[in-house]
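Have a look at the structure below, then the notes.
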Amino acid sequence: MRKLLYALMLSMAPALVLAQSKVTGAAAIWPEWQVSYGVGEAGILFFQNQYRINTDSRFNDLAATGPLSSFERVQLALGYEHTFTDHWRGGAMFRYAIENFPKTKFYGAFLRHNGRIGSLYFNKQGLFEYVAQEQQDASGRYSFLAELGKRIPAGKKFLTPALSYELLLQTEFGKGATGTEERTIDRTWLQLSLTYELTQNLRLRPYLMRQTDYYYVLVPPIYDENDQILENGYTTKRNRISPIFGLEVKYSFSSSANTASITY
């Protein structure tokens, strides 16, 4: 009987190793403002300034004192988008993220395609970023986004509800297998937003987002008072889910808003 139980425990070991747990992170608030400027007939220059505030004040440590002490992260972005055809757009952007540690530079290039599903617009985007982080080796990050939405007249204004899903994958350059387990997808963003066009140039975009981080954690073994092992340690998948409330304020100079654009 003991041998049978031992064999059964061995057969269950892979399931225990691959067990998955979920934890809930503190909510965050992400206010952002953006300005964009039309260049010629097909180009857009844009600048974005985002602030990240954690509802758990322990994470808001960008500075010891002063206004920045209320923020977890400040991010600046400068980019250019070009319209190639009615359905294809692409561009490049540079982002600089400031935290207590580390500071990070992102050099990115993106390609967007807009289509339709019935009365809904359907945007797709692929983005690659070269990530240079202080005191760390350079890495790359890929992200893939799909977005469904509809621009609805509301009197003389427009409302645009949208649902988007984005997944992000991180890769390290010049490194082979390290023996450390890594998840295929590092992070996902599921977002519900509503864009309100106050004027032809000014837009407000509140959104609610569910951020999920995927990683492995090592659960240590459990010992009794005599240091005899009761349960072996194991590695388990961990999903960290964090709610995010955002508000974007966007203003366009000499160009009209377009739902196919990364700046909308």
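The values are calculated or read from the model by the stated rules, or taken from the named source; none is laboratory data. From a predicted model like this one, the values you see are computed outputs, not experimental measurements. Positions of Cβ are generated from backbone atoms using ideal geometry, with glycine treated the same way; all protein chains shown enter the neighbour counts.
When the residues of the stretch 78-97 are filtered to those that are surrounded by fewer than 16 Cβ atoms within 10 Å (Cβ to Cβ) and among the hydrophobic types (A, V, I, L, M, F, W, C), the one that is nearest to Tyr130 (Cα to Cα) is Phe94. Scanning the stretch 213-256 for residues that are in contact with a strand residue (DSSP E or B) (Cβ under 6 Å, 6 or more places away or on another chain), assigned to a loop (DSSP other than H, G, I, E, B) and within 30 Å of Ile152 (Cα to Cα) yields Ser254, Ser255.
I'm trying to understand the selection: among the residues of the stretch 73-92, which are assigned to a strand (DSSP E or B), in contact (Cβ under 8 Å) with a residue 24 or more places away in the chain and not basic (Lys, Arg)? Listed by number, the residues that qualify are Val74, Gln75, Leu76, Ala77, Leu78, Gly79, Tyr80, Glu81, His82, Thr83, Trp88, Gly91. Gly118 falls short on exactly one of the conditions (1) surrounded by 14 or more Cβ atoms within 10 Å (Cβ to Cβ); (2) free of Cβ contacts under 8 Å to residues at least 12 places away in the same chain; (3) not basic (Lys, Arg), and that condition is (1).
Among the residues making up the stretch 43-59, those that are of a type outside the set (Lys, Arg) and at pLDDT below 95 are Ser57, Phe59. A single entry from Gly66, Gly79 fulfils the requirement of being more than 30 Å from Tyr234 (Cα to Cα) and modelled with pLDDT under 95: Gly66.
Being on the phi < 0 side of the Ramachandran plot, in contact (Cβ under 8 Å) with a residue 40 or more places away in the chain and of a type outside the set (Phe, Trp, Tyr) is not true of Asn54. For the stretch 43-72, a residue qualifies if it is assigned to a strand (DSSP E or B) and closer than 20 Å to Leu247 by Cα, and the qualifying residues are Phe46, Phe47, Gln48, Asn49, Gln50, Tyr51, Arg52, Ile53, Asn54. Any residue in the stretch 164-176 that's assigned to a loop (DSSP other than H, G, I, E, B): show its pairings with residues that are modelled with pLDDT of 85 or more and surrounded by fewer than 18 Cβ atoms within 10 Å (Cβ to Cβ) at Cβ separation under 9 Å, as long as the two are six or more apart or on different chains. Going by the 9 Å Cβ cut-off, the qualifying pairs are Phe173/Tyr130; Phe173/Asp137; Phe173/Ala138; Phe173/Ser139; Phe173/Gly140; Gly174/Asp137; Gly174/Ala138; Lys175/Asp137.
Looking only at the stretch 213-224, how many residues end up being of a type in the set (Asp, Glu) and either surrounded by 15 or more Cβ atoms within 10 Å (Cβ to Cβ) or in contact with a Lys or Arg (Cβ under 9 Å, 6 or more places away or on another chain) (or both)? Full working, then the answer.
First, the residues of the stretch 213-224 that are of a type in the set (Asp, Glu): 213, 224.
The next check asks that each one be either surrounded by 15 or more Cβ atoms within 10 Å (Cβ to Cβ) or in contact with a Lys or Arg (Cβ under 9 Å, 6 or more places away or on another chain) (or both); those that pass are 213.
Qualifying residue count, the stretch 213-224: 1.
From the list Lys124, Lys156, the one residue that fits, being among the basic types (Lys, Arg) and either touching a residue at least 24 places away in the same chain (Cβ under 8 Å) or under 21 Å from Tyr80 (Cβ atoms) (or both), is Lys124. All of (1) more than 24 Å from Phe106 (Cα to Cα); (2) under 14 Å from the mean Cα position of the chain (by Cα) hold for Trp189 with one exception: (1).
Would it be correct to say that Arg183 is basic (Lys, Arg), modelled with pLDDT under 90, surrounded by 12 or more Cβ atoms within 10 Å (Cβ to Cβ) and closer than 21 Å to Leu127 by Cα? The answer is yes for Arg183.
This table checks each residue for (1) of a type outside the set (Ser, Thr, Tyr); (2) at pLDDT below 95; (3) surrounded by 15 or more Cβ atoms within 10 Å (Cβ to Cβ); (4) touching a helix residue (DSSP H, G or I) at 6+ places or on another chain (Cβ under 6 Å).
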position	(1), (2), (3), (4)
Thr195	no, no, yes, no
Thr199	no, yes, no, no
Leu204	yes, no, no, no
Gln211	yes, no, yes, no
Asn226	yes, yes, no, no
Ile229	yes, yes, no, no
Lys237	yes, yes, yes, no
Gly246	yes, no, yes, no
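The residue of the stretch 100-111 that is surrounded by the fewest Cβ atoms within 10 Å (Cβ to Cβ), among those that are at pLDDT 95 or above, of a type outside the set (Gly, Ala, Ser) and touching an Asp or Glu at 6+ places or on another chain (Cβ under 7 Å), is Tyr107.
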